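Reading through the structure tokens given below for one structure.
The values are calculated or read from the model by the stated rules, or taken from the named source; none is laboratory data. Source: prediction; values computed, not measured. Backbone-built Cβ (ideal geometry, glycine too); neighbour counts: all protein chains shown.
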Amino acid sequence: MPVRVRPPAPEREPMTTSVLFLTLYDLVILMKKQRFWIFILVFLIALAVVAQIFIARNQTEGDKVCIYRDNTLLYCLPLNQDTTITIPYGEDNFNTVEIKDGMVSVTDASCPDHICIHHGATNETADPIICLPNHLIIQVEREEDSNLDGVSS
Ligand SMILES: [Zn+2]
């Protein structure tokens, strides 16, 4: 029968204990550092996800340019897509609306006063471009605004 011999218990001298303690301490520090980096990594991933959602939201539900005539919606166009449209009115009247670099402006119009052209470019919801002779309102609309309206009403 083989006889199991227990290895002698390690003698715990003060020196050995302190070295062991230091090693464990270093290990704890390392683990803490790893946790720190994992935390940073998770934080960055979360930030990237949030940024991506925010960008996707901006692309799909960003600012829009809505054009009304006599309270009837004619067009709703995204403000982040450069485009130019000419909106006819009656026989000879028109407004040319340009969306460029996130701003909307009237670049040409048949109206006599040309107030709509002189208004210049805007991306403000509180600053609609109005052409009274052609009964046209060009309004920048923001998704947050309608959400706030929904909450408050
Ligand atoms: Zn005008």
Do you know which residues across the stretch 101-136 are near the ligand (Cβ under 9 Å from one of its atoms) and in a loop (DSSP other than H, G, I, E, B)? SER110, CYS111, PRO112, ASP113, HIS114, HIS119, LEU132, PRO133, ASN134
Looking at (1) over 20 Å from the mean Cα position of the chain (by Cα); (2) modelled with pLDDT under 95, which is the one condition that is false for GLU124? (1)
For residues that are part of a loop (DSSP other than H, G, I, E, B) and touching a residue at least 12 places away in the same chain (Cβ under 8 Å), scanning just the stretch 68-91, find the one that is surrounded by the most Cβ atoms within 10 Å (Cβ to Cβ). LEU79
Please state which of the following conditions GLN139 fails to meet, knowing it meets all the rest: (1) without any contact (Cβ under 8 Å) to a residue 60 or more places away in the chain; (2) surrounded by 19 or more Cβ atoms within 10 Å (Cβ to Cβ). (1)
